[in-house]
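Note sheet for the following structure.
Values in this text are rule-based calculations from the coordinates and carry no lab data. Small disclaimer: the values here were computed from a predicted structure and weren't measured. Backbone-built Cβ (ideal geometry, glycine too); neighbour counts: all protein chains shown.
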Ligand code: 5RP
């Protein structure tokens, strides 16, 4: 897979992801309880962390997906269930978009529910991203909304109604994976990808979405990120903090 290629052979975006992943692994301290996010950047991070664990770093990771758990175990990183630990010291995860206030869209990889549970169980959340992820306004990336399978078409109609009421005139909503073989999350739910265009008021939209019966979680991560490590293709990183 591309994560195993030498830097010279990688695509520029992969080099940027690797730079962010390596810098993120460097901020993990001995003894920490660490939330391990999901996605391609986080897989690079987990591999970098695995190297540090191989050199003697002692940490416990709490994964946000079955795939991250499997990778961490394969690399010899000690993992725990969220139920069996106290507050996490640090949570590292990717993002699909992040605005200047640190508000994010997540869930492109399909793990938004578990990611948000872990993200809000930590003292400090750091977004680990490449330079394509910061945006002036959220919404170019379709907003993932995780819904219960039972009655999902009814839930979809209510979500559409909310979008229209909120001023999104033609929301395009698609069931991830398609109706013939829908994508099912680790939590056993479907995802509706909602192309809205610019989201000027993400917080009220997130609250209103969560009020709809059948919505398990939405991909707006509000007031969660404390900082972001932004990787560049030349191997450098920039760290941005949010108030
Ligand atoms: C998974 C996520 C990911 O963090 C997000 O999609 C970013 O992924 P990548 O690092 O592959 O760009 O939210 O549900």
Rounded to two decimals, the Rg over Rh value of the chain from Cα coordinates and the Kirkwood Rh reads 0.97
Fewest-first ordering of 190, 242 by Cβ atoms within 10 Å yields 242, 190
When 152, 114 are arranged by how many other beta-carbons sit within 10 Å of their Cβ, fewest first, they go 152, 114
Taking max minus min of the Cα coordinates of the range 143-219 on each principal axis, largest first, gives extents in Å of 32, 21, 19
Computed over the chain: longest principal axis from alpha-carbon atoms vs helix 12-26 long axis, angle to nearest 10 degrees, is 60 degrees
Among 167, 108, 187, the residue with the largest mean-square fluctuation in a Gaussian network model of the chain built from Cα contacts under 10 Å is 167
Taking every DSSP bridge whose two residues both lie in the chain, the antiparallel percent to the nearest 5 is 55 percent
Between the alpha carbon centres of the range 28-91 and the range 119-154 the gap in Å comes to 20 Å
The helix 152-165 Cα axis meets the longest alpha-carbon principal axis of the chain at an angle in degrees, between 0 and 90 and rounded to 10, of 80 degrees
One finds, for residue 82 and residue 160 with R0 = 35 angstrom and r their Cβ-Cβ distance, a FRET efficiency to the nearest 0.05 of 0.60
The chain, Gaussian network, Cα under 10 Å: of 59, 105, 129, the residue fluctuating most is 59
Taking Cα pairs closer than 8 Å and at least 6 residues apart, the relative contact order of the chain in percent is 24 percent
Under the rule rounded for a/c under 1.5, else prolate if a/b exceeds b/c, else oblate, using alpha carbon gyration tensor axes a ≥ b ≥ c, the range 126-183 is classed as oblate
Of 170-181, 221-232, 16-27, ordering from highest average Cβ density within 10 Å down gives 16-27, 221-232, 170-181
Over the chain, the sum of -39500 (n - 2.57) across DSSP H runs of at least four, divided by residue number and rounded to 500 deg cm²/dmol, gives at 222 nm -9000 deg cm²/dmol
Most exposed first, judged by fewest Cβ atoms within 10 angstrom, 99, 81, 243 run 243, 81, 99
For the range 143-219, averaging the sequence separation of alpha carbon pairs under 8 Å that lie six or more residues apart and dividing by its residue count, the contact order in percent is 49 percent
